[in-house]
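One structure is given here, and the rest of the page talks about it.
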Amino acid sequence: MREQRVRDLGGLVLEMVRRDAFREDLVYEQCSELIGIEERIQELDALLATATAVRRTPPAARCSCGAPILWGSHFCANCGRAVAADTERQADDASARDEVERPE
Ligand SMILES: [Zn+2]
């Protein structure tokens, strides 16, 4: 949609110059509409990023028995095994994920 509008604007400017009937006000009008669209897109992007981040916060932690572990629980609801402390730290520091993942 935005790319299309930019192309239209370029075509419009070209056409006006070609006909020697350049209308600055029209260009300004088109540009401010485009800027409005861009601002709207940025708002939506920010909202989307926030929504995605919130959804990603609880990692899909799993017990070694394979059952998913509820966020904040200290024991597995399936087998009762104590959840490793580093499973909780995993969420706080995503970069530490590599050292947490080890063979069983
Ligand atoms: Zn378990």
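The values are calculated or read from the model by the stated rules, or taken from the named source; none is laboratory data. Keep in mind the model is a prediction, meaning the values are calculated, not measured. Note that we place each Cβ from the backbone using ideal geometry, even for glycine, and neighbour counts take in every protein chain shown.
Summary of computed values
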quantity: Qualifying residue in region 5-23 (condition: among the β-branched types (Val, Ile, Thr) and either in contact with a Gly (Cβ under 6 Å, 6 or more places away or on another chain) or within 30 Å of Trp71 (Cα to Cα) (or both)); calculated: no
quantity: Contacts under 8 angstrom Cβ, first residue in region 49-64 being assigned by TED's automatic domain parsing to the domain that holds Ala82 and modelled with pLDDT under 75, partner among the hydroxyl-bearing types (Ser, Thr, Tyr) and within 16 Å of the ligand (Cβ to nearest atom), 6 or more apart; calculated: none
